[in-house]
Amino acid sequence: MAKKVGVSEATVSRVLNGKPGVAEATRAAVLTALDVLGYERPTQLRGERARLAGLVLPELGNPIFPALAEVVGGALAQQGFTPVLCTRTAGGLSEADYVEMLLEQQVSGVVFAGGHYAEADAPHEHYFRLLELRLPVVLVNAATDSLDFPRVSTDDAVAVEQAFGHLISLGHERIGLVLGPEDHIPSRRKLAAFTASAREAGVQVGPESVEHTLFSPEGGQAVVTKLLKRGVTGVICASDPLALGAIRAVRRVGMSVPEDVSIVGFDDSAFMNCTNPPLTTVRQPIEAMGRTAVTLLVSQIEGATVTAEELLYEPELVVRGSTGPARVRSGAPVE
């Protein structure tokens with residue numbers, strides 16, 4: 001271990017035995033190495049927090065999450081913390097399991113993104129435990145009202161307003177919306193903005209204009225196939241993977257994007273400018289949000305009082321090739 005930290009064995013021995021004469025930065029580096037390598041701290045040192053910070057993500061399949069991990073991990077490293085990445089997988093460890101593991105490692109704080117805090121019907125006991133322990137925590141994007149943590153979020157209402165306004169400007173009046181599960185808080189915000197935008201534009205939308213599904217291309221394809229049968233000419237999707245599934249659905253019924261149907265995504269994750277056609281999407285300001293999340297986390301770790309109010313970041317509509325002027329259809333909706 002001494003070799004890994006770049007110090008002598010004598011220095012490591014002094015740290016492990018609580019002896020004086022070691023620089024604080026060196027002492028912290030030795031303790032962090034213990035945690036990273038999986039060694040148990042000596043009894044007298046277990047009460048001290050490691051300079052480890054957890055980052056809990058739902059998956060890495062959606063490119064937006066690796067992008068966030070890169071920003072948060074880099075910002076944590078700049079602040080002298082070692083990021084510990086925890087990714088939920090089907091049949092694997094749950095979010096609550098990861099919280100237990102991070103607590104055992106005596107992490108200094110945790111950043112959550114895309115977690116159960118955004119699902120009204122999901123278990124939240126592990127979050128309440130973190131509140132009771134007063135462990136520094138930051139949430140990325142909207143959460144249920146009962147969780148009083150600092151949050152940095154993309155403004156879902158502005159995102160839908162931008163997408164809806166873009167489709168209206170292209171002449172689309174039959175617009176569909178594809179969202180995540182019904183208990184998903186960001187999806188609820190997008191739905192409210194969709195209804196308000198339609199009312200303001202004088203366009204009629206109803207339950208038949210909205211579909212809920214899992215955040216995957218397969219989910220997007222399944223529900224957009226339904227929307228196409230109802231005659232929509234424009235579709236707003238709550239994630240880029242959903243939008244890619246929507247494009248596939250349009251092609252499967254013999255139509256084209258954007259000639260027959262326009263598709264708008266959400267995230268502007270990696271390679272969306274390389275799809276066919278390149279995807280028009282609403283970009284989340286991941287760089288700014290990730291860095292702010294780390295600033296809020298480190299401020300808490302250092303003992304500063306941080307507001308639990310939500311910081312909203314404005315997204316940006318990125319217009320590419322998947323949207324175009326509405327074409328007047330002849331005949332009945334697709335069957």
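Using the Cα centre of the chain as the reference point, and only Cβ charges (+1 on K/R, -1 on D/E), how large is the resulting charge dipole? Debye, rounded to the nearest 20.
Its charge dipole is roughly 700 debye.
What number, rounded to the nearest 500 deg cm²/dmol, is the helix-based mean residue ellipticity at 222 nm of the chain, given -39500 (n - 2.57) per DSSP H run of at least four residues and division by all its residues?
That comes out to -12500 deg cm²/dmol.
Given charges of +1 on the Cβ of Lys and Arg and -1 on the Cβ of Asp and Glu, with all other atoms neutral, how large is the dipole of region 230-335 about its Cα centre, in debye to the nearest 20?
Roughly 660 debye, rounded to the nearest 20.
When only Cα pairs under 8 Å and 6 or more residues apart are kept, what is the percent relative contact order across the chain?
Result for the chain is 17 percent.
Taking the alpha-carbon set of region 156-283, what are its Rg and Dmax in Å?
Answer for region 156-283, Rg first and Dmax second: 12.8, 35 Å.
Calculate how steeply helix 286-301 sits against the longest principal axis of the alpha-carbon atoms of the chain, using the helix alpha-carbon long axis, and give the answer as 0 to 90 degrees to the nearest 10.
With rounding to tens, the tilt is 30 degrees.
Of the lysine pairs in the chain, how many meet both conditions: Cα atoms under 25 Å apart, and a spacing of 8 or more in sequence or different chains?
Here the count comes out as 4.
Taking the chain as the reference, fit the longest principal axis to its C-alpha atoms, fit the long axis of helix 240-252 to the helix C-alpha atoms, and give the angle between the two in degrees, 0 to 90, nearest 10.
Its long axis makes an angle of about 30 degrees.
What's the longest uninterrupted piece of the chain once you rule out the chymotrypsin sites (Phe, Trp or Tyr not before Pro) that are loop residues per DSSP with at most 15 other Cβ within 10 Å?
Counting at most 15 other Cβ atoms within 10 Å as exposed, the longest clean stretch of the chain is 40-270.
Taking the Cα centre as origin and putting +1 on Lys and Arg beta-carbons and -1 on Asp and Glu beta-carbons, what dipole magnitude results for region 156-283, to the nearest 20 debye?
Charge dipole, region 156-283, about its Cα centre: 240 debye, nearest 20.
Only the coordinates and a few stated rules stand behind these numbers; no lab work does. Source: prediction; values computed, not measured. Glycine gets a Cβ as well: all are built from the backbone with ideal geometry, and neighbour counts include every protein chain shown.
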